[in-house]
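Here the structure comes first, spelled out in structure tokens, and everything after it is commentary.
The values are calculated or read from the model by the stated rules, or taken from the named source; none is laboratory data. Not measured: the values here are computed from a predicted model. So basically every Cβ, Gly included, is an ideal-geometry build from the backbone, and we count neighbours across all protein chains shown. Side chains included, ligands, DNA and RNA excluded: accessible areas come from the protein's heavy atoms. Shrake-Rupley method; radii C 1.70, N 1.55, O 1.52, S 1.80 Å.
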Amino acid sequence: MEDIKSSRTDYNSDEKTVPPYDVSSETGDVVVDNLQRRLSGRHMQMITIGGSIGTALFVSIGSGLVSSGPGSLLIAFIIYCVFLAAVNNCMAEMAVFMPVSGSFVRMGSKWVDEAFGFMLGWNFFLYEAVLIPWEISALNLVLTFWSDDIPLAAICAACIVLYGIINLFAVKWYGESEFWLSSGKVLLILMLFCFTFITMVGGNPKHDAYGFRYWRTPGAFAEYVTTGSLGKFEGFLAALWKAAFTIVGPEYIAMMSGEAMHPRKNLKRAFKTIYLRFGVFFIGGALACGIVIPYNDQNLINILSGSSSASGTAAGSPYVIAMQNLGIGVLPHITNALLVTSIFSAGNSYVYCASRTLYSLSLDGHAPKFLRYCTKKGVPLWCFCVTMVFPFLSFLAVGTSSAQVITWLANLTEASQIIDYICMCFIYLFFHRALKVQGFSRSDLPYRGWWQPFCAYFGLVTMTFTVALYGYTTFLPGWWDTGIFFSYYTMVFLCPILYVGWKVLKKTKVVKPEDADLVWERPTIDAYEANTLEEHVGFWEEVRVMMGLGKKKMEEHEGGHVE
């Protein structure tokens with residue numbers, strides 16, 4: 001077969017078909033698939049750092065601490081960061097090579113099997129869409145930290161309106177909002193780290209230099225389910241499952257591929273930043289949580305068990321409880337205020353990712369064609385409208401009995417996130433094999449992952465282990481609960497059904513490595529990068545320009561725009 005490197009489309013040749021791009025009259029940028037590349041490096045870096053950090057790191061991590069103890073919690077977070085780093089390593093190479101709208105969802109169709117992309121896309125869409133009302137209901141609960149009289153319906157309506165304003169008019173609005181909201185998350189994390197260090201060395205109202213006291217008493221490793229060494233190991237497993245639903249990242253960067261400015265440069269930097277975030281924020285957060293509070297703190301246990309009136313609110317955060325235990329009266333309110341922005345940001349990201357996933361499904365014929373319509377600002381209008389149906393489910397939280405429905409829906413999609421990671425590794429193995437068969441040297445790729453394809457096999461095995469065993473407790477004697485079982489494994493059963501169903505219906509075939517389309521949208525992406533007016537600048541330089549301390553540079557390209 002002809003070497004793929006010689007099969008690039010020549011944009012200036014009359015003998016070739018012109019790729020499906022257009023030039024924006026407003027920005028002068030090449031528009032691909034009707035989306036506009038308006039997410040700058042500044043937007044992407046902050047979304048990468050804080051965009052996917054939500055309540056799990058600040059509040060839900062407390063349940064992991066109670067089940068496992070500080071030692072197991074830290075070890076589990078380190079190990080899972082290694083697992084997910086392997087997935088990120090795979091996704092980075094593919095996304096930088098082919099920064100298309102829909103990213104890994106459409107790669108699954110092009111490089112593995114059309115039915116595989118169908119299954120993966122709907123799995124990811126349902127996961128993102130269902131989490132929108134869940135985050136809004138969580139926001140309602142956090143606000144009760146200050147008052148129980150806040151009208152829940154008004155909060156739900158306000159969130160829906162704000163999500164609509166941010167996501168409807170232009171992707172740049174989403175990028176700008178997430179830049180500032182993610183900045184608030186970073187500020188919150190740094191504040192909690194400072195709180196941990198200062199108080200542990202004695203800088204607190206009680207002048208108690210407690211240090212690593214709670215690692216000694218009650219200890220670093222808690223027992224879970226059973227007792228003894230087995231109980232401590234099961235405590236570690238509980239912490240590993242908690243880490244699996246706290247630590248995320250590569251999927252959110254990948255979904256920005258189709259709207260990223262200078263995608264190959266900005267995506268490369270964004271994927272590299274993830275490793276720093278794993279080390280500093282997630283591992284650092286697990287360490288700090290185990291320092292400030294013991295795993296047998298009665299207030300924390302009461303809140304988690306539902307026996308406290310503060311159950312479900314920000315008072316359930318181990319950091320807030322630690323502040324109250326030390327007699328600090330102001331920081332809990334600051335922490336709660338920043339938690340509000342953090343939760344709102346998470347819901348905002350889910351709206352964006354869900355609408356773009358639905359759009360990518362329509363491009364590949366896996367969703368109705370009318371969903372392909374985009375506004376002049378590059379927003380997939382009908383995909384956005386369909387996605388915005390889900391936030392209205394948050395009004396169920398107004399009724400005490402119906403509020404449980406939101407949690408039930410969110411629980412049903414618990415496994416979706418890990419299934420996405422498994423699929424990313426699987427797609428990479430097909431991609432790597434296609435490169436080899438078609439004679440494309442990985443040394444020519446704009447970004448090369450480390451230790452491939454062994455890293456992909458490692459990620460595939462570890463993520464499969466995680467999703468297969470994280471509901472093992474339901475099989476233990478006396479622990480069976482049908483509802484909990486389905487919350488763990490519903491998507492594990494549904495995804496094969498989606499795959500087989502579409503495969504039988506459309507009679508799709510697994511893509512052979514020699515037939516995998518490795519050219520795809522590369523010509524249009526190359527055209528964009530060759531004709532964009534805005535010069536690529538670094539993160540800090542862009543921030544300086546935004547603050548009015550620098551001058552925006554524009555780059556004129558010889559030869560004008562592609563016509």
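Just a few scattered comments:
- Rolling a 1.4 Å probe over the protein heavy atoms leaves Phe458 with an accessible area of roughly 90 Å².
- When each of Lys172/Lys272; Lys369/Lys436; Lys265/Lys507; Lys110/Lys377 is checked by Cα-Cα distance, pairs over 29 Å: Lys369/Lys436; Lys265/Lys507
- On the beta carbon distance between Leu469 and Ser147, with R0 = 41 Å, the FRET formula returns roughly 0.45.
- Fully extended contour minus Cα-Cα distance, from Ile78 to Asp517, at 0.36 nm per residue: 154.4 nm
- Spacing of the two label points (7 Å from each Cα toward its C-beta) at Thr407 and Phe197, in nm: 3.7 nm
- Accessible surface computed residue by residue for the stretch 226-350, with neighbouring protein chains in place and a 1.4 Å probe, gives 30 Å² per residue.
- Fraction of accessible area attributable to carbon and sulfur, the stretch 161-274 (%, probe 1.4 Å): 69 percent
- Treating each Cα of the stretch 61-184 as an identical point scatterer and summing with the Debye formula, the log10 of I(q)/I(0) at q = 0.14, 0.16, 0.18 Å⁻¹ comes to -1.05, -1.21, -1.25.
- Of the whole protein surface, Phe493 contributes about 100 Å² of accessible area at a 1.4 Å probe radius.
- Rounded percent of accessible protein surface that carbon and sulfur make up, the stretch 332-395, 1.4 Å probe: 75 percent
- 3J(HN,Hα) along the stretch 137-147, derived from phi through the Karplus expression 6.51 cos²θ - 1.76 cosθ + 1.60 where θ = phi - 60°, amounts to 5, 5, 5, 4, 5, 5, 5, 5, 4, 9, 7 Hz, with x in place of Gly and Pro.
- Sequence of Lys172, Lys503 from largest to smallest accessible area, 1.4 Å probe: Lys172, Lys503
- Separation of the Lys206 and Phe493 label points, Cα + 7 Å toward Cβ, nm: 4.8 nm
- Separation of the stretch 218-249 and the stretch 328-372, taken as the distance between their Cα centroids, equals 29 angstrom.
- Solvent accessible area, Å² - Lys506, 1.4 Å probe, full protein context: 110 Å²
- Accessible surface ranking that places the most exposed of Ile422, Ile497, Ile301 first, with a 1.4 angstrom probe: Ile497, Ile301, Ile422
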